[in-house]
Amino acid sequence: MKCIIIDDEPLAIEILTGYCEKLDFIELVNSYTNPLDAITEIKEKKIDLIFCDIEMPQINGIDFMGTLDNRPLFIFTTAYSHYAVDGFELNAVDYLVKPIPYHRFIKSVSRVQDLISKKQKPIMEANVFSSTGDSTVEKKFIFVKAEYESIKIDLDQIEYVQGLKDYLKIHIANTNKTILTLMSFKEIMSKLPANQFLRVHKSYVVNVNYIKTVQRNRIVINDMRIPIGESHKEAFFSILGL
């Protein structure tokens, strides 16, 4: 997986370079302190991934990524969490807030690796983050197996998914209906839009459009209080810009 780093801070480049060198499936092709210097590299070489800072003196990272035609997958790396929504409007794979923990870096690049292997782009069609500038059409539904049939479920009707041992219980909005399916979280997450549905706990995945309020350690969806797990808290609050 070939990548480049764009950041006006040499220390940030040094940290990300060190992270990349620890993983054998990433090849760091180059790094740049000026985004404009990276344009030729992006056009001439097959770059799979761009790590891009946001606040830079030459051009804002969000504006820069927006100028690229057929841009590679990219991850924003920034010290400012309030740009998260803007980042995901451009279909960023992830949004990492500095100082970036190594485990969050691994999680992000692993997501990129999965997307590349599936030849997908992380398009999210939700009210919280609207997808712009991409003509790719995403499916609005999934099929899950329940008993002896496959049931079609509209993505926008899924409030949250709850884990029950070997089963998942899918809660349908505006009804008392739930669908019980023999499936792992890994399987269902591969079917769901990556940024509309977030894993917030070992036993819960939520649709961000149905979040009423976010408290310190829990989310409220339709009067249901869903815990936020410690291992998911940082990513959750970062993505929502909280």
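Screening the candidates K169, K140, K107 for the property of being open to solvent by 40 Å² or more (accessible area, probe 1.4 Å), in contact with a Ser or Thr (Cβ under 8 Å, 6 or more places away or on another chain) and at pLDDT 80 or above yields one hit, K169. Taking the stretch 1-14 as the range and being part of a helix (DSSP H, G or I), surrounded by fewer than 18 Cβ atoms within 10 Å (Cβ to Cβ) and either within 23 Å of the chain's Cα centre (by Cα) or among the aliphatic types (A, V, I, L, M) (or both) as the test, only L11 passes.
Contact map, the stretch 209-224: first residue open to solvent by less than 50 Å² (accessible area, probe 1.4 Å), second residue at pLDDT 90 or above and aromatic (F, W, Y), Cβ cut-off under 6 Å, separation 6 or more or different chains; pairs are I221/Y160; I221/Y210.
Please indicate, with yes or no, whether at least one residue in the stretch 18-31 is open to solvent by 10 Å² or more (accessible area, probe 1.4 Å), closer than 19 Å to K98 by Cβ and in a strand (DSSP E or B). Within the stretch 18-31 (the criterion being open to solvent by 10 Å² or more (accessible area, probe 1.4 Å), closer than 19 Å to K98 by Cβ and in a strand (DSSP E or B)), the answer is yes, since at least one residue qualifies.
Being open to solvent by 10 Å² or more (accessible area, probe 1.4 Å) and under 13 Å from G241 (Cβ atoms) narrows it down to one of Y80, Y102, so name that one. Steps first, please.
Details: Y102 fails: under 13 Å from G241 (Cβ atoms).
On inspection, the qualifying residue turns out to be Y80.
Answer yes if at least one residue in the stretch 193-208 is part of a strand (DSSP E or B), among the hydroxyl-bearing types (S, T, Y), at pLDDT 90 or above and surrounded by fewer than 18 Cβ atoms within 10 Å (Cβ to Cβ), and no otherwise.
First pass over the stretch 193-208, keeping only residues part of a strand (DSSP E or B): 197-201, 204-207.
Subsequent filtering for residues that are among the hydroxyl-bearing types (S, T, Y) retains 204.
Narrowing the set further to residues that are at pLDDT 90 or above leaves 204.
Restricting the remaining residues to those that are surrounded by fewer than 18 Cβ atoms within 10 Å (Cβ to Cβ) gives none.
No, that holds for no residue.
For first residues located in the stretch 60-75 and among the polar types (S, T, N, Q), partners that are open to solvent by less than 50 Å² (accessible area, probe 1.4 Å) and part of a loop (DSSP other than H, G, I, E, B) and lie 6+ apart or on another chain with Cβ distances below 8 Å form the pairs N60/I54. Residues in the stretch 89-99 include at least one that is open to solvent by 20 Å² or more (accessible area, probe 1.4 Å), in contact with a helix residue (DSSP H, G or I) (Cβ under 7 Å, 6 or more places away or on another chain) and hydrophobic (A, V, I, L, M, F, W, C).
Any residue at all in the stretch 178-185 that's open to solvent by less than 20 Å² (accessible area, probe 1.4 Å) and closer than 22 Å to R225 by Cβ? Scanning the stretch 178-185 turns up at least one residue that is open to solvent by less than 20 Å² (accessible area, probe 1.4 Å) and closer than 22 Å to R225 by Cβ. Look at the stretch 32-60 and say how many of its residues are out of contact with any strand residue (DSSP E or B) (no Cβ under 6 Å at 6 or more places or on another chain), among the charged types (D, E, K, R) and not in a helix (DSSP H, G or I). Qualifying residue count for the region: 3.
The values are calculated or read from the model by the stated rules, or taken from the named source; none is laboratory data. Nothing here was measured: the structure is a model prediction, and the numbers come from that model. Here the Cβ is made from the backbone with ideal geometry for all residues, glycine too, and neighbour counts use every protein chain on show. We work out accessible area using only protein heavy atoms, side chains counted, and drop any ligands, DNA or RNA first. Shrake-Rupley method; radii C 1.70, N 1.55, O 1.52, S 1.80 Å.
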